[in-house]
Amino acid sequence: MTQKIIGTVKILVVVALTAGLMFARCADDAAKVAGRASKGASLKKVPKAAFEGAMVVVDGAQILGVEPPSGESGSCSSSQACTLAGYCTRKGELCVVGSEADCKASSGCVFLGLCGVLNQRCAATTKSHCESNLRCSFQGLCTPEDGRCVATVESCRAHCGLSAKCTLKDGECVTSARDCLESFGCTSRGICDLKAGECVATNDTCRAHRVCTQMGKCQAKDGQCVQGEP
């Protein structure tokens, strides 16, 4: 029963993160690009795949605005750029981030904590922005830094849970060999070795674990201990 509950919880976590993955990547990309302003560069228009190919007006690397979608009477609020990154307000011929309300209505706020405005873009400007987003709960990205939410040593330890991503590296929580050994998955199911950044079971860990002696799960398959001998 316990294993079924754990499995259900992990599935729900994966579904929540997967549902926002596309939005998170696109909005995060927009935030990174918009944050790298350059001086003295000429204005130009470039297509942006994240915004369904909409033309983006940039000054060097800083996004100044997005052209409204065609065939929709120039509506900014119905555009992908609005949904993802808060470019929802019409200003002349462009859609821009007009207020904090634009940012709070975007998926970038929900998934990345980009709920405030900084340098004409949606950004994480307060601790509450980061703490209320999904990636704080599941990935420990709970502290604002340069307009983005990043992890700290404390937040990685506090939020690693079933993921075993308890070690801080480059502002994100990652899994170390020690994290695997100390994880619930190791103590309960023999998933104790680190491989490609994830905790997995091996034939050796399965044979040495109680899942082998008590349940006959003595071989590893797809990173899990399963019935049978290796």
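Tell me, which helices (runs of 4 or more DSSP H) wholly within segment 75-148 include 1 or more residues that are touching a residue at least 40 places away in the same chain (Cβ under 8 Å)?
So the answer is 80-85, 107-112, 134-139.
Yes or no, residue by residue, for (1) buried (at least 18 other Cβ atoms within 10 Å of the Cβ); (2) out of contact with any Gly (no Cβ under 7 Å at 6 or more places or on another chain); (3) outside the structural domain of GLN139 (by TED's automatic domain parsing):
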| position | (1), (2), (3) |
| --- | --- |
| CYS192 | yes, yes, yes |
| VAL200 | yes, no, yes |
| ASN203 | no, yes, yes |
| VAL211 | yes, no, yes |
| GLY216 | no, yes, yes |
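Those residues that are surrounded by fewer than 20 Cβ atoms within 10 Å (Cβ to Cβ), closer than 20 Å to SER155 by Cα and not basic (Lys, Arg), I need them from segment 111-137; list them, please.
THR125, THR126, SER128, GLU131, SER132, LEU134, SER137
Given the conditions (1) closer than 30 Å to VAL211 by Cα; (2) assigned to a helix (DSSP H, G or I); (3) at pLDDT 95 or above, and given that ARG157 satisfies all but one, which numbered condition is not satisfied?
It fails just one condition, (3).
Do we find that CYS173 is buried (at least 17 other Cβ atoms within 10 Å of the Cβ), over 30 Å from LYS195 (Cα atoms) and without any contact (Cβ under 8 Å) to a residue 60 or more places away in the chain in this structure?
Considered against the rule, which asks whether it is buried (at least 17 other Cβ atoms within 10 Å of the Cβ), over 30 Å from LYS195 (Cα atoms) and without any contact (Cβ under 8 Å) to a residue 60 or more places away in the chain, CYS173 comes out as no.
(1) over 24 Å from ALA151 (Cα atoms); (2) part of a strand (DSSP E or B): which one isn't true of THR205, the others all being true?
(2)
The values are calculated or read from the model by the stated rules, or taken from the named source; none is laboratory data. Nothing here was measured: the structure is a model prediction, and the numbers come from that model. Cβ coordinates were reconstructed from backbone atoms using ideal geometry, including for glycine residues, and neighbour counts include every protein chain displayed.
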